[in-house]
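Undergrad: I am attaching a structure below and will ask some questions about it afterwards.
The values are calculated or read from the model by the stated rules, or taken from the named source; none is laboratory data. These numbers come from a predicted model, not from an experiment. As a convention, Cβ positions derive from the backbone with ideal geometry for all residues, glycine included, and neighbour counts pool all protein chains shown. Ligands, DNA and RNA are excluded from the accessible area calculation, which covers all protein heavy atoms including side chains. Shrake-Rupley method; radii C 1.70, N 1.55, O 1.52, S 1.80 Å.
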Amino acid sequence: MQHVNSWRDVAAATGAADRAAAEEGVRRAYRTAGLAEPERIVWAQSPRAAVEAVEKLTDAGRSVREEVRTRPWAEERRRMYDELGPAGWSALWSATGAQLWETTAALAERIRSGVVADLAARPEDEGAVRLVLLDAVLGQHDAAWLAAFDGRGDRLTGLAEVARNAGWWWPYERAVVISERPEALHRDEAGRLDHGEGPALAYGDGFALHAWRGMPVPAAFLAELATLTPQRIREEENAELRRVMLEYYGYDRYLTESGAEPVHRDETGILWRIALDGDEDVVMVEVVNSTPEPDGTHRTYWLRVPPATRTAKDGVAWTFGLDGAAYAPVRQT
């Protein structure tokens with residue numbers, strides 16, 4: 001597990017690359033693949049800048065990603081599969097790469113989408129940008145599968161050295177383009193890009209991704225969150241952005257300040273409903289904790305429940321996986 005955690009740190013690493021170590025890793029990866037070392041190595045500040053650098057390369061030769069990355073990975077995987085057997089390989093992957101795969105793959109896809117959005121001024125330009133991105137080795141964001149092979153041979157050592165010390169890179173016969181790592185990365189507890197006060201992912205040249213709990217949002221939208229009002233939330237036409245506004249503003253605060261009326265109350269709590277144009281209703285149950293706080297007060301909680309909920313009791317029961325008829329707590333806490 002220790003080396004899995006070290007690769008988790010690699011995937012999330014920010015700050016300046018160790019260029020000398022990364023370049024040595026590149027040369028080793030070429031030698032391991034039976035290729036001559038590249039004649040030149042070009043550094044870029046971000047994956048976006050790297051794509052632009054690749055497009056300007058002259059006399060670089062063809063892409064050698066297949067020889068440098070794809071083939072060694074496939075052959076090492078086959079070797080480990082034959083050595084461990086199906087069950088052994090599955091157990092190894094579950095204990096290593098699978099722990100990192102979802103978050104790193106999602107982050108890499110967001111970076112690809114961001115690069116395309118920035119560089120493809122017209123829809124017809126997207127194909128050319130995506131073709132360049134297909135030539136990339138993901139460096140630090142290959143951490144998931146590199147973790148599975150850590151300590152099991154030296155065939156992938158060059159690739160691992162680049163990953164530990166730099167971002168994405170593009171290998172060609174006579175030239176390599178390498179991207180720096182991001183300067184900042186902010187994620188929520190689920191590993192999704194998330195930051196309400198600026199870019200969730202930012203590189204040194206200004207390439208950045210903005211997100212709230214994993215959902216892409218415009219930079220200007222985040223700047224507006226601090227000045228939200230119930231009226232501004234109601235006026236937002238984009239249902240997804242409106243949902244982000246509500247989460248940021250707080251459902252309880254919105255209910256209080258918008259003059260919302262309760263639709264049902266019983267011994268379990270109060271049911272509130274927020275009708276939103278073009279989106280499903282937001283339905284909340286207000287409950288009071290029967291166990292007092294140290295100062296003697298009783299804390300109020302707001303629980304979001306399905307839009308079809310009709311009574312407070314049904315809503316509270318739903319949070320326990322029950323229906324209203326079956327919910328009869330001896331003591332509510």
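Undergrad: Once you keep just the Cα pairs under 8 angstrom separated by 6 or more residues, what percentage relative contact order results for the chain? If you can, show how the numbers build up before the last one.
TA: On the way: 539 pairs, mean separation 57.6, N = 333.
Here the relative contact order equals 17 percent.
Undergrad: Let me ask something additional. Round to a whole number: what % of the accessible area of the chain belongs to carbon and sulfur, probe 1.4 Å?
TA: Percent of accessible area from carbon and sulfur atoms in the chain: 49.
Undergrad: Please compute the per residue accessible area over the chain with all protein chains in place, 1.4 Å probe, rounded to a whole number of Å². Don't skip to the answer; put the middle values down first.
TA: On the way: 16670 Å² over 333 residues.
Accessible area per residue, the chain: 50 Å².
Undergrad: Go ahead and estimate [θ] at 222 nm for the chain from helices alone: -39,500 (n - 2.57) per DSSP H run with n ≥ 4, summed, over the residue count, rounded to 500. Spell out each step's value before the answer.
TA: Numbers: 13 runs with 144 residues, N = 333.
Mean residue ellipticity at 222 nm (helix-derived): -13000 deg cm²/dmol.
Undergrad: Next question, about the same structure. Which one of Gly61, Ala200, Pro294 has its Cα pushed farthest toward the positive end of the charge dipole of the chain, where Lys and Arg give +1 and Asp and Glu give -1 at the Cβ?
TA: Gly61
Undergrad: Report Phe320's accessible area, 1.4 Å probe, all protein chains in place, as a number in Å² to the nearest 10.
TA: 130
Undergrad: Right, here's the next one. Taking the Cα centre of the chain as the origin and placing charges on Cβ (Lys, Arg +1; Asp, Glu -1), which of Thr319, Ala226, Leu134 is farthest toward the positive end of the dipole?
TA: Going by the Cα projections, it comes out as Leu134.
Undergrad: Once ligands and nucleic acids are excluded and a 1.4 Å probe is used, how much of Thr157 is accessible, expressed in Å² to the nearest 10?
TA: Accessible area, nearest 10 Å²: 40 Å².
Undergrad: To continue, here is another question. Among Glu236, Glu257, Glu24, Glu183, what's the order by accessible area (1.4 angstrom probe), most exposed first? Can you show the working numbers first?
TA: On the way: Glu236 25, Glu257 100, Glu24 75, Glu183 125 Å².
Order by accessible area, largest first: Glu183, Glu257, Glu24, Glu236.
Undergrad: Could you give the distance between the Cα centres of region 59-127 and region 256-328, to the whole Å?
TA: 45
Undergrad: Continuing with the same structure: Round to the nearest 10 and report in Å² the accessible area of Tyr254, as given by a 1.4 Å probe over the protein chains' heavy atoms.
TA: About 10 Å², ignoring ligands and nucleic acids.
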